[in-house]
Amino acid sequence: MAGHELLRVVTTVLGAAVVGAFGLSPGASPEPACGGFVDARPSPARAARVLSLARSTPEGRRALAGVSEPEICFDPGADARSVVVGPRTLVLVAQDDDRRLAARAAHLSLHRREASLFGESPSVAGCDAWLSRVLAAEREAHATEAAVARELAAPAGSGESLEELAVAYRARCR
Ligand SMILES: [Zn+2]
């Protein structure tokens, strides 16, 4: 795995960890703008377009139905990744096509329902059991993302493989 790819995977894991931190402390200080991603910016018009594209597909509608309306920011950085941050913020890769981002938003919306699972930092002893639950959730989310992308004829964009995710998640076991 190239260095920059590893960095991106690590960022994914950090993003997932932030989900847990926010998810478990609802009384904590207010969420920073764009989840604290300093380069990311909101764009209400683009966010509405992305969500409407996602909801134009059955799988996207299903994924978004179970969660509150997300707050979406767009990150223009070259190493940007599309991640969930905090209880309701999605940071999406600005350079990706809106149809790709709609598929990604469906994927990430499924993760928002399982914030406590993704926020866990399991012991080494409990690692295999946790990993199999996390990877099952990732498989479902990837399948949903692929279905939405197919239906919208979305061009390729950023995203990580299940193999990369497995390595990154396993590194969180302590
Ligand atoms: Zn995922």
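Any read-out appearing in this document is the output of simple, stated calculations on the displayed coordinates, not a laboratory observation. Since the structure is predicted, the reported quantities are computational estimates derived from the model, not experimental observations. A quick note on method: Cβ atoms are made from the backbone with ideal geometry, for glycine too, and the neighbour counts reach across all protein chains shown.
Of note:
- When the Cα positions of CYS73, VAL85, ALA149 are compared along the charge dipole of the range 69-174, VAL85 comes out farthest toward the positive end, with charges on each C-beta of Lys, Arg, Asp and Glu.
- Annotation: amide H of SER82 within the under-5 Å range of VAL93, sequence separation 5 or more or interchain, hydrogens built in the peptide plane.
- For the range 159-174, the Karplus equation 6.51 cos²θ - 1.76 cosθ + 1.60, evaluated at θ = phi - 60°, returns couplings of x, 10, 7, 4, 5, 4, 5, 4, 5, 5, 5, 4, 5, 7, 6, 10 Hz by residue, with Gly and Pro reported as x.
- With kT/(6 pi eta Rh) evaluated at 25 °C and eta = 0.890 mPa s, and Rh the Kirkwood radius from Cα pairs, the range 88-169 diffuses with a coefficient of 181 µm²/s according to Stokes-Einstein.
- Phi angles across the range 92-105 convert, under the Karplus curve 6.51 cos²θ - 1.76 cosθ + 1.60 with θ = phi - 60°, into 3J(HN,Hα) values of 10, 6, 4, 7, 6, 5, 4, 5, 5, 5, 5, 5, 5, 4 Hz, Gly and Pro given as x.
- Between PHE74 and ARG41, SER43, LEU92, the built amide H atoms are under 5 Å apart, and every one of these is 5 or more places off in sequence or on another chain.
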